[in-house]
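**Student:** To start, I am sharing the structure in question, which I have written as structure tokens.
None of the figures in this text is laboratory data; all of them are computed from the coordinates on show. In this text, all values refer to a predicted model and were calculated from it rather than measured experimentally. Positions of Cβ are generated from backbone atoms using ideal geometry, with glycine treated the same way; all protein chains shown enter the neighbour counts.
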Amino acid sequence: MQCSESSEWMSLHLDGLLDQEQALRLEAHLAACEACRQEWEAMRWLSSFLKAEPVAAPKPDFTARIALRLRQREARRRRLHSSIGVLIGSVGLWALAGAAVLLLFTMLWQPPIRVVLLEAGLALINDVLSTLAVLGQALYAAAYALAVRPALWAQAFDGKAWLLLLGYAFLALGLTALWMRIVFQRRRYVFP
Amino acid sequence: MDQEGQWVAETLRGDQHAFANLVDAYKVAVYNLCYRMLGSASEAEDAAQETFVRVYTHLRAYNPQQKFSSWILAIAAHYCIDHLRRQRLKWLSLDEALPLSPLAGDPEQPENAAMERESCLEIRNLLQSLPAEYRLVIALRYWQDLSYAEIAQVVGTTESAIKSRLHRARQMLAERVIAQRRLETPWGQQLQQGKRVINNAVL
């Protein structure tokens, strides 16, 4: 038997994985080889030394601290989710409010107010407002036409402009609905 | 279904008590493995806690065909090896002029006092002299009392690889013990004393 092989067998022998014949061969080699015998003794001593060492145990409040850590983690996750919800919801509300303000403004942007503002010399504001008014009027005209002549729905549905409008409305409504849901969930969480 | 399987299922349904039962059942095994791997009570505590947080967040990935103990010990083992690797990188990147305070252990840990028996210290030193992969198989063999097949499952390798790692680890430890014994003989003590004299003269 080679010394390298004997060393491998020593490790297996410590784990009780040598059969009787192998164990005898190992013992024969150990009896003949001083270096291997020394190694075997050290290994055996180590093995019993390690076996005698008790298992190290954590502090008694270990489980409670893990529960606390998991709760903190969950709270952090909820906070993050609700802030994302509020952000998206605000965008949705602003989008809806923007459309409403535009429509309202178009209805109000009639000569008396317009003339007063123009006379006050607010040319720049007037330009901006006029541009907005054109947009609002287009939106208003489209909504009015669709309301008065239902036959237009089919035609409008073919047009890309209508699809854009529909998409915008859905986005705004969807975002707002999401926001409402999150706010209500949060309320349930805070006041169960 | 066995008890563990039931606890896992209940935890997945959101039952925190079931998870507390799982923690209670495995905390000693996980903590002990972390302690043997990292060699410090405070680091072991952190590592064991992190292991259970990972177990909780990845519980859906657990395959019930696998033994739960193997799965959980594998998570702890990977965490410790990663931690040691990160630590080594940190040490390598630090300025060499820093004081070597980590060698002094962590005396502020109250439970450390009880742990710091002489044999415990000696075992810690012996284990820390091994590479992390070898330390892992020794810890799993001696304190978890796992078979080669079970160790292979935890480490994620073959039984023959475990066989050779255990052999190498034991061989390295034996060499250290033999070297230490040599130093304890009268001749060895003289040698030590000689070294001390030289050190004092030079430093």
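**Student:** If you place +1 on the Cβ of every Lys and Arg and -1 on the Cβ of every Asp and Glu, how big does the dipole about the Cα centre of segment A:3-52 come out, in debye to the nearest 20? Intermediate results must be reported in sequence, preceding the final value.
**Tutor:** Details: 4 positive and 9 negative charges, 41 e Å.
Dipole of segment A:3-52, to the nearest 20 debye: 200 debye.
**Student:** Assuming 0.36 nm per residue, please report the length gained on full extension of the stretch B:Arg182 to B:His58 beyond their Cα-Cα distance.
**Tutor:** Working: separation 124, 0.36 × 124 = 44.64 nm, distance 4.97 nm.
So the chain would gain 39.7 nm between B:Arg182 and B:His58.
**Student:** Order of A:Ser90, A:Ser11 from fewest to most other C-beta atoms within 10 Å? Don't skip to the answer; put the middle values down first.
**Tutor:** Values: A:Ser90 13, A:Ser11 23.
Sorted ascending by nearby Cβ count, the order is A:Ser90, A:Ser11.
**Student:** Give the residue list of trypsin sites (Lys or Arg not before Pro) in segment B:1-87 that are DSSP loop and have at most 12 other beta-carbon atoms within 10 angstrom.
**Tutor:** Values: sites: B:Arg13, B:Lys27, B:Arg36, B:Arg54, B:Arg60, B:Lys67, B:Arg85, B:Arg86; in loops: B:Arg13, B:Lys67.
Here the sparse-neighbourhood loop sites are B:Arg13.
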